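The next block holds one structure in the form of structure tokens; read it before the comments.
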Amino acid sequence: MSEQTADGTESVTDGEKRGGFPRFRHTPAGPDFGRFVEAMRRLQDLAVSTNVPDDVLADIATQAEELADRLTPYEVPEGKSPAGSNIQLPGRGSLLMLPWMVEKFDTEGVRSTGVFRRYHLGGNGAAHGGVLPLLFDDVFGMTVHAGGRPISRTGYLHINYRAITPLNTQLVIEGKVDRVEGRKTFVSARLTDLDGKLLADGEALMIELLPGQP
Ligand SMILES: CCCCCCCC(=O)SCCNC(=O)CCNC(=O)[C@H](O)C(C)(C)COP(=O)(O)OP(=O)(O)OC[C@H]1O[C@@H](n2cnc3c(N)ncnc32)[C@H](O)[C@@H]1OP(=O)(O)O
């Protein structure tokens, strides 16, 4: 059971297996939202890959501050932005997520494809080790959801780095539910290139939230 609240979310009572999570309404992305996010991603890539002369940078910094000032009046609470819930966009429209596209989402598992970009550089041309857990954790969250399991949080996440993960190369990750034990869903995933070369694999324990757990 749930009831509508004034801010458009639904508060959840103990009968639903969502812990203390409100049930957000989907916020559709408008026609220019995907373009906006991609432009922001380009800026992120350039912010970590340019060496701009001071006089030029002063002007660019002012422009960046002006852009932020233009966006600020439109800030909304969690669940009210199109970022994160628009599965037709790379990274579901969230700048935090890797710009990958979900290609399969069903009870058998989740498959997502995409590239690590310059923004994700670690060292010597390879993806930063810290962005792989982000990709895996997000895929595990979707895998639990696609598998029809209740809303859950990551208890642990283990990644094995099997080979250097290249930038700007189309890759694929596939996640699946391995087994369920009460509140616990054990999931695993493999990250490969398009020739099937294993780059990383991982497993996680996703724990169903109890009523009221945030
Ligand atoms: C849309 C929103 C959700 C999307 C999910 C996206 C994934 C995420 O990134 S979530 C963010 C990262 N994770 C977190 O912040 C979680 C923080 N931790 C917590 O909130 C709590 O520890 C929580 C809710 C997971 C579990 O707490 P609690 O309900 O007290 O569980 P607890 O009773 O200790 O453990 C339940 C079972 O899991 C087991 N368990 C818990 N943690 C671990 C662990 N790290 N390793 C092994 N087993 C564990 C326990 O042993 C127990 O097993 P059993 O039932 O067999 O005795």
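The values are calculated or read from the model by the stated rules, or taken from the named source; none is laboratory data. None of these values were measured; they are calculated from a predicted model. Note that we place each Cβ from the backbone using ideal geometry, even for glycine, and neighbour counts take in every protein chain shown. We work out accessible area using only protein heavy atoms, side chains counted, and drop any ligands, DNA or RNA first. Shrake-Rupley method; radii C 1.70, N 1.55, O 1.52, S 1.80 Å.
Data table
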{"read-out": "Residue count for the range 154-165, restricted to those that are more than 12 Å from the ligand (Cβ to nearest atom), open to solvent by 90 Å² or more (accessible area, probe 1.4 Å) and in a strand (DSSP E or B)", "value": "1"}
{"read-out": "Flag for Arg35 being at pLDDT below 95, basic (Lys, Arg) and on the phi < 0 side of the Ramachandran plot", "value": "no"}
{"read-out": "Counted residues, the range 105-133 - those being in a strand (DSSP E or B), in contact (Cβ under 8 Å) with a residue 60 or more places away in the chain and farther than 20 Å from Glu38 by Cα", "value": "3"}
{"read-out": "Residue count, the range 47-58 (criterion: assigned to a helix (DSSP H, G or I) and loosely packed, with under 10 Cβ neighbours inside 10 Å)", "value": "2"}
{"read-out": "Among (1) of a type in the set (Lys, Arg); (2) more than 16 Å from the ligand (Cβ to nearest atom); (3) in contact with a strand residue (DSSP E or B) (Cβ under 6 Å, 6 or more places away or on another chain) - the single one Arg149 does not satisfy", "value": "(2)"}
{"read-out": "Pairs with Cβ under 8 Å, 6+ apart, first in the range 165-190 and aromatic (Phe, Trp, Tyr), second open to solvent by 60 Å² or more (accessible area, probe 1.4 Å)", "value": "Phe186/Asp178; Phe186/Arg179; Phe186/Val180; Phe186/Glu203"}
{"read-out": "In the range 59-107, the residues that are crowded, with 16+ Cβ neighbours inside 10 Å and of a type in the set (Lys, Arg)", "value": "Arg92"}
{"read-out": "The range 166-211, subset in a loop (DSSP other than H, G, I, E, B) and within 16 Å of the ligand (Cβ to nearest atom), residue least open to solvent (accessible area, probe 1.4 Å)", "value": "Leu209"}
{"read-out": "Residues being of a type in the set (S, T, N, Q) and outside any loop (DSSP other than H, G, I, E, B) - total across the range 59-94", "value": "3"}
{"read-out": "Positions within the range 95-104 being part of a strand (DSSP E or B) and not acidic (Asp, Glu), in sequence order", "value": "Met101, Val102, Lys104"}
{"read-out": "Test: Gln4 is modelled with pLDDT under 95 and either more than 20 Å from Val139 (Cβ to Cβ) or more than 20 Å from the chain's Cα centre (by Cα) (or both)", "value": "yes"}
{"read-out": "Residue match in the range 12-24 (condition: assigned to a loop (DSSP other than H, G, I, E, B), open to solvent by 90 Å² or more (accessible area, probe 1.4 Å) and modelled with pLDDT under 95)", "value": "yes"}
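To keep it simple, each residue is scored yes or no on (1) within 21 Å of Gly122 (Cβ to Cβ); (2) at pLDDT 95 or above; (3) of a type in the set (Phe, Trp, Tyr); (4) touching a helix residue (DSSP H, G or I) at 6+ places or on another chain (Cβ under 7 Å).
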site: Asp138; (1), (2), (3), (4): yes, yes, no, no
site: Thr154; (1), (2), (3), (4): no, yes, no, yes
site: Ile159; (1), (2), (3), (4): yes, yes, no, yes
site: Leu171; (1), (2), (3), (4): yes, yes, no, no
site: Val187; (1), (2), (3), (4): no, yes, no, yes
site: Arg190; (1), (2), (3), (4): yes, yes, no, no
site: Gly196; (1), (2), (3), (4): no, yes, no, no
